[in-house]
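Okay, so here's the structure we're looking at.
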Amino acid sequence: MGMISRWADTVGSSRKPSIGVKILAAIFGVAAFVLAIAALEIATNPSLTDGTTASLLVVAFVFVVGVGLLVVAAGLWIGRSWAWTWGFVLYTGAAISSLIAVVQTPEPVTLLGVVVPAFVAGYLYSKREQFDTANTESV
């Protein structure tokens, strides 16, 4: 019985995420929820969209991104390595794309779009040992 409980404790899990990672996951979750709800509101309110297929596809994409980020936030909260990977990749990509925007439009406010995702990616990278990224786990 002891061997089974030790096995159950390690399957699909890793170390417990720190309070900082949990706070970050909570912020991701709230932002993702707001993004998904906003997309639903835009989709269901005809006065907010022109009703073309292109605009509805954009709204659908934003909704899917919001739900996806909500899943990543939940994964970070419980310490899943796939959530760490997705979070790190998404925020590194956001920092790089924002850096390109800063080069094209050198304004102080666009610099914030580089600093925040770069900080988040750097923080997640510094906490990578909590997610045991070498461990492949099933979803």
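Couple of notes before you dig in:
- Some residue of segment 100-115 being at pLDDT below 90, under 22 Å from G29 (Cβ atoms) and surrounded by fewer than 16 Cβ atoms within 10 Å (Cβ to Cβ): yes
- Test: residue in segment 69-76 that is out of contact with any Phe, Trp or Tyr (no Cβ under 8 Å at 6 or more places or on another chain), at pLDDT 90 or above, in a helix (DSSP H, G or I) and in the same structural domain as V21 (by TED's automatic domain parsing): yes
- Scanning segment 118-133 for residues that are touching a Gly at 6+ places or on another chain (Cβ under 9 Å), modelled with pLDDT of 90 or more and assigned to a helix (DSSP H, G or I) turns up V120, A121, Y123, L124.
This table checks each residue for (1) surrounded by 12 or more Cβ atoms within 10 Å (Cβ to Cβ); (2) in the same structural domain as F119 (by TED's automatic domain parsing); (3) hydroxyl-bearing (S, T, Y); (4) in contact (Cβ under 8 Å) with a residue 24 or more places away in the chain.
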residue: A31; (1), (2), (3), (4): yes, no, no, yes
residue: T44; (1), (2), (3), (4): no, no, yes, no
residue: V58; (1), (2), (3), (4): yes, no, no, no
residue: V67; (1), (2), (3), (4): yes, no, no, yes
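- Residues that are more than 20 Å from S18 (Cβ to Cβ), out of contact with any Leu (no Cβ under 7 Å at 6 or more places or on another chain) and of a type in the set (A, V, I, L, M) within segment 91-117 comprise A94, A95, I96, L99, I100, A101, V103, V109, L111, L112, V115, listed in sequence order.
The values are calculated or read from the model by the stated rules, or taken from the named source; none is laboratory data. These numbers were taken from a predicted model, which means no experiment stands behind them. Don't worry about glycine lacking a Cβ; one is built from the backbone with ideal geometry, like all the others, and counts go over all protein chains shown.
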